[in-house]
Structure formats: structure tokens, C-alpha cells
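Notes follow once the structure below has been shown.
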Amino acid sequence: MDVDIIFKIVGIGILLAVSHTILKSAGKEEIGFWTTTVGIAVALLLVVEMLGELFNQVRSVFKLF
């Protein structure tokens, strides 16, 4: 498993925190909310893809026996 995916998720989190703070201070709370929601969805898609790879590896291990 690569460490790159963890860095991507951390990077998304940092970008979301900064963008939400900037948008909230600019009075654009609704846009900040949607930005955060979309960012969380992207991070969850990365995690789901990683879980799919894990399940495929587990399935291939048990097919050998």
C-alpha cells in the first residue's frame, strides 16, 4: 500500500480547512459548506477505491487455496 494516498487525503483536508476559513471570513458560508462537502466526497472516493483494492487482494489470496 502506498503512502501517497495518505498524503493526498491529508492535502485535501488542509486545502478544505484553508478554503473553508477563507470563504467563511469573506461571508460566503454556503459556498464554504459546499466546498467542504465536495472535498469530503472526493476523499471518501479515494478511501473506497483503496478498500476495493484491499478486497481484491484478499479475494486473490483465498482463491489460491
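Every read-out reported here was derived from the displayed coordinates using simple, explicitly stated rules and does not represent laboratory data. Only a predicted model underlies this, so the values are computations on that prediction, with no experimental measurement involved. Using ideal geometry, Cβ is built from the backbone for each residue, glycine included, and neighbour counts are taken over all protein chains shown.
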Using θ = phi - 60° and the Karplus form 6.51 cos²θ - 1.76 cosθ + 1.60, what ³J(HN,Hα) does each residue of region 2-18 get, whole Hz, x for Gly and Pro?
7, 7, 4, 5, 5, 5, 5, 5, 5, x, 4, x, 5, 4, 5, 4, 5
Rh by Kirkwood over Cα pairs, then Stokes-Einstein D for the chain at 1.002 mPa s and 20 °C, µm²/s
157 µm²/s
What number, in percent, do you get for the relative contact order of the chain if the mean sequence gap of Cα pairs under 8 Å and at least 6 apart is divided by its residue count?
29 percent
Tell me what the chain gives for mean residue ellipticity at 222 nm when only DSSP H runs of n ≥ 4 count, each as -39,500 (n - 2.57), the sum divided by the residue total, rounded to 500 deg cm²/dmol.
-31500 deg cm²/dmol
Charges at C-beta only: +1 for Lys and Arg, -1 for Asp and Glu. How large is the resulting dipole of the chain about its Cα centre, in Debye rounded to 20?
80 debye
